[in-house]
1. If I filter the stretch 267-320 down to residues being within 17 Å of the chain's Cα centre (by Cα) and surrounded by fewer than 22 Cβ atoms within 10 Å (Cβ to Cβ), which single residue comes out as modelled with the lowest pLDDT?
2. Please give the number of the condition PHE197 fails out of (1) touching a residue at least 60 places away in the same chain (Cβ under 8 Å); (2) within 12 Å of the ligand (Cβ to nearest atom); (3) touching a strand residue (DSSP E or B) at 6+ places or on another chain (Cβ under 6 Å).
3. For the subset of the stretch 180-194 comprising residues that are surrounded by fewer than 18 Cβ atoms within 10 Å (Cβ to Cβ) and at positive phi, which member is nearest to the ligand (Cβ to nearest atom)?
4. For the stretch 8-22, state whether one or more residues are at pLDDT below 95 and more than 16 Å from the ligand (Cβ to nearest atom).
5. All but one of (1) within 30 Å of MET124 (Cα to Cα); (2) in contact with a Pro (Cβ under 9 Å, 6 or more places away or on another chain); (3) modelled with pLDDT of 95 or more; (4) surrounded by fewer than 18 Cβ atoms within 10 Å (Cβ to Cβ) hold for VAL72; which doesn't?
6. Identify, from the list LEU202, LEU177, the residue that is under 17 Å from LEU308 (Cα atoms) and more than 12 Å from the ligand (Cβ to nearest atom).
7. Can you spot a residue in the stretch 92-104 that is surrounded by fewer than 16 Cβ atoms within 10 Å (Cβ to Cβ) and of a type in the set (Gly, Ala, Ser)?
8. For the stretch 268-322, give me the residue count where each residue is of a type in the set (Ser, Thr, Tyr) and part of a loop (DSSP other than H, G, I, E, B).
Amino acid sequence: MMTRSDTILTSAVEAIGDTPIVELSRLTRGLDGRILAKLEYLNPGFSKKDRIARQIIEDAETSGSLYPGQTVVELTSGNTGTGLAIVCGVKGYPFVAVMSKGNSQERARMMAALGAEVVLVDQMAGSQPGQVSGGDLALVETEAQRIVQERKAFRADQFHLEGNTRAHLYHTAPEILRQTGGAFDAFCDFAGTGGSFAGCALAFKQFNPRILCYLVEPAGAAILAGEPVTQPNHRIQGGGYSMADLPLVSKECIDGYLQVSDEKAMQVARRLAKEEGIFAGFSSGANAAAALQLLNSTCKGKTVVVLLNDSGLKYLSTDLWK
Ligand SMILES: Cc1ncc(COP(=O)(O)O)c(C=O)c1O
């Protein structure tokens, strides 16, 4: 069978997706059960968000809501912006990334290197660098809206556009079903926009309604689980924004909620690096930590699928690797 790696692709955009899946058998040593991890950090922009960047732009091209040469704007924790910088750069759209100063600086530098105009927004009084809260994100949203108006731009709105969910429904999840033969019992995913959770959970439920889908939140900011928000300034970048409603996520697909502390996410990210040779970020640590929780509780003896969302290289300036 011809695979993508046997051919010459026309651009890096075509190199998005088709990531490998790896069993984390060193992480689960001594436990009853398996964790299968999809290495999303191997995408061209080193995160799963390349997928939604491509889908949102190509959906907009198809529907006519994006015209040739029009400026694209999006609010980003860095990963969607990197994906959009790649896709827009290749396709010839100017791109403005609006990001909180609380996100790691590697992200801003990478987007700029890829040709994006990067607008950094100050955090709220009292917020800490490396800890982007829902309040910080609201300030970024206001600035993104202002730039869209000013430049008559296309807003690649990852919190609302279905392209976000569709990228995972039509690509990430079918790849997982193909790679595993559908032989797994559960999926757990740390939610930012919830697009990855929503798209994958929908596809998995359509394939087999008995696959259990768990939404992962930071401990102390588990608003979707109905818990009080006591720690909005957690360290798991890319999600856990304490938004009471995620427009893309339908409650019917959620079988349960899991919570992961900053310390646990970091500890498991470090174990992934040392024991599995997998250099991924905070939220990948959170996903793998949540999967370990499942193997130690309701999913003993079962197989759990997770996404490893982005590269550890994006956090070299943080104490994740100290
Ligand atoms: C590193 C990282 N992890 C997790 C997420 C959350 O993914 P989603 O928006 O699909 O819920 C994001 C989203 O930007 C991210 O950048």
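The values are calculated or read from the model by the stated rules, or taken from the named source; none is laboratory data. These numbers were taken from a predicted model, which means no experiment stands behind them. For neighbour counting, all protein chains shown are included, and Cβ atoms are generated from backbone atoms with ideal geometry for every residue, glycine included.
1. LEU313
2. Of the numbered conditions (1) touching a residue at least 60 places away in the same chain (Cβ under 8 Å); (2) within 12 Å of the ligand (Cβ to nearest atom); (3) touching a strand residue (DSSP E or B) at 6+ places or on another chain (Cβ under 6 Å), the odd one out for PHE197 is (1).
3. The selected residue is GLY182.
4. First, pick out the residues of the stretch 8-22 that are at pLDDT below 95: none.
The answer is no, given that none of the residues of the stretch 8-22 is at pLDDT below 95 and more than 16 Å from the ligand (Cβ to nearest atom).
5. So VAL72 meets the others, but not (4).
6. Working: LEU202 fails: under 17 Å from LEU308 (Cα atoms).
Matching residue, one of LEU202, LEU177: LEU177.
7. Yes, the stretch 92-104 contains a residue that is surrounded by fewer than 16 Cβ atoms within 10 Å (Cβ to Cβ) and of a type in the set (Gly, Ala, Ser).
8. Step one: list which residues in the stretch 268-322 are of a type in the set (Ser, Thr, Tyr), which gives 283-284, 297-298, 303, 311, 315, 317-318.
Going one step further and asking which of them are part of a loop (DSSP other than H, G, I, E, B), we end up with 297-298, 317-318.
So the count comes out to 4.
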